[in-house]
Amino acid sequence: MDCIFCKIINGDIPSTKVYEDDKILAFEDINPCAPVHVVIIPKDHLLTCADDITEENSGIIAYIFSKIPEIARIKGLTNGYRIVNNCGEDGAQTVRHIHFHLVGGTKLTEKIC
């Protein structure tokens with residue numbers, strides 16, 4: 001599989017890690033849209049985007065969301081943040097490995113699009 005995120009997980013491509021455990025990896029986005037911009041991914045490439053989430057595999061998504069507050073604290077996000085998931089071509093998804101963007105570090109606008 002030619003997945004850039006899998007290559008980051010395997011250490012083939014360097015990243016600036018923010019958090020890692022046996023299930024997930026969080027690292028600095030290389031093209032940040034805010035002062036804090038972290039990408040959070042499951043280590044297993046089971047899902048490509050939110051369209052693939054089912055009752056059977058949703059545990060990893062719940063796990064990611066249970067770790068987001070800790071990752072936010074690590075990055076000093078004490079006054080709020082935004083979580084984004086791009087899904088599919090029209091959703092501007094560029095890597096077909098489910099991932100979430102944690103953005104903050106400044107007052108974000110209310111308008112997303």
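Couplings 3J(HN,Hα) for segment 74-88, derived from phi with the Karplus relation 6.51 cos²θ - 1.76 cosθ + 1.60 (θ = phi - 60°), are 4, 8, x, 7, 9, 10, x, 6, 10, 10, 10, 10, 8, 10, x Hz, where x marks Gly and Pro.
Lys-Lys pairs in the chain that are eight or more residues apart or on separate chains and whose Cα atoms lie under 27 Å of each other come to 19. Phi angles across segment 15-22 convert, under the Karplus curve 6.51 cos²θ - 1.76 cosθ + 1.60 with θ = phi - 60°, into 3J(HN,Hα) values of 8, 9, 6, 10, 7, 8, 9, 6 Hz, Gly and Pro given as x.
Please say if segment 34-94 is rounded, prolate or oblate, where rounded means a/c under 1.5 for a ≥ b ≥ c the square roots of the C-alpha gyration tensor eigenvalues, and otherwise the choice is prolate for a/b larger than b/c and oblate otherwise? The shape class here is oblate. Database remark: amide H of I98 closer than 5 angstrom to the amide H of L47, T48, C49 (H placed geometrically; neighbours at sequence offset of 5 or more, or on other chains; Pro and chain starts carry no H). Each residue of segment 29-45 was assigned a 3J(HN,Hα) from its phi angle through the Karplus curve 6.51 cos²θ - 1.76 cosθ + 1.60 (θ = phi - 60°); the sequence is 5, 7, 10, x, 9, 8, x, 10, 8, 10, 9, 10, 9, x, 6, 8, 8 Hz, with glycine and proline shown as x. For the listed peptides 71-82, 101-112, a ranking on the average number of other beta carbons within 10 Å per residue, highest first, reads 71-82, 101-112. Max-minus-min Cα coordinates of the chain on each principal axis give 37, 29, 25 Å, with the largest extent listed first. Between the amide H of L25 and those of I41, K43, distances stay under 5 Å, these residues lying 5 or more places away or on another chain, with hydrogens modeled in the peptide plane. Loop-located GluC sites (Glu not before Pro) in segment 1-94 (DSSP state not H, G, I, E or B) with no more than 11 neighbouring Cβ atoms inside 10 Å: E55, E56, E89. With 0.36 nm allotted per residue and the present C-alpha distance subtracted, the L108-A50 stretch has 18.5 nm of extension available. Close amide-amide hydrogen proximity is noted between C87 and Q93, each under 5 Å apart and 5 or more residues distant or on a separate chain (H modeled in the peptide plane; Pro and chain starts excluded).
Just so you know, all these numbers are worked out from the coordinates, no wet-lab data involved. Remember, it's a predicted structure, so these values are computed and weren't measured experimentally. Cβ: placed from backbone, ideal geometry, glycine included. Neighbour counts: every protein chain shown.
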